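A short write-up of the structure that comes next.
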């Protein structure tokens, strides 16, 4: 059985805030060279899926990751990078499932294998692309549902709706660093 780790799960935004305070934009971009999904504050996260499983010599260990999802919801970040899936597969897989996805989005309306991110040059593309993998509730770029299996270009700062109701902003590292230094703008994006 393929295990997954904390790297696959959405991250608490506070760690990135602390990191950005002690680094320049260039340092942040060098340390974090991949884009991010910044999720709007939401109560949709499924705490039963927010666990970290690691295989060890004596079998699989499961530990709950401490996320406090109160009535106000939670804002998370997910780095868009390879973490666990087969490197021979093109792109970075996103989905609710905890096996085989590089980016786990533990929200019930997100499909097990929901979408694939393709980095520039992956299939002749010049920009980051997203491809919906015939998800049940769809992937939206802005307010438009994208056609399944058709790559769509992503621009820095665009927003996606995953499963029809979870908003996530697609951000390059420099743009994220700027937002982390502009609390009022960050709040506008995450408190929708």
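Let me know the shape class of segment 105-192, please: from the alpha-carbon gyration tensor, a ≥ b ≥ c as square roots of the eigenvalues, rounded when a/c is under 1.5, otherwise prolate if a/b is greater than b/c, or oblate. The shape class here is oblate.
Taking a ≥ b ≥ c as the square roots of the eigenvalues of the Cα gyration tensor, an a/c ratio of 1.5 or more together with a/b no larger than b/c marks segment 149-192 as oblate. For the peptides 181-187, 101-107, residues were scored by their other Cβ atoms within 10 Å and the scores averaged per peptide; the highest-first order is 101-107, 181-187. Going from the residue with the fewest nearby Cβ atoms within 10 Å to the one with the most, 82, 31 rank 31, 82. The order of 136, 145, going from fewest to most other C-beta atoms within 10 Å of their C-beta, is 136, 145.
Packing-based ranking of 113-126, 147-160 yields 113-126, 147-160, ordered from highest to lowest mean Cβ neighbour count within 10 Å.
Coordinate-derived values only; no laboratory data. All values reported here derive from a predicted model rather than from experimental measurement. Every residue, glycine among them, receives a Cβ derived from its backbone with ideal geometry; neighbour counts consider all protein chains shown.
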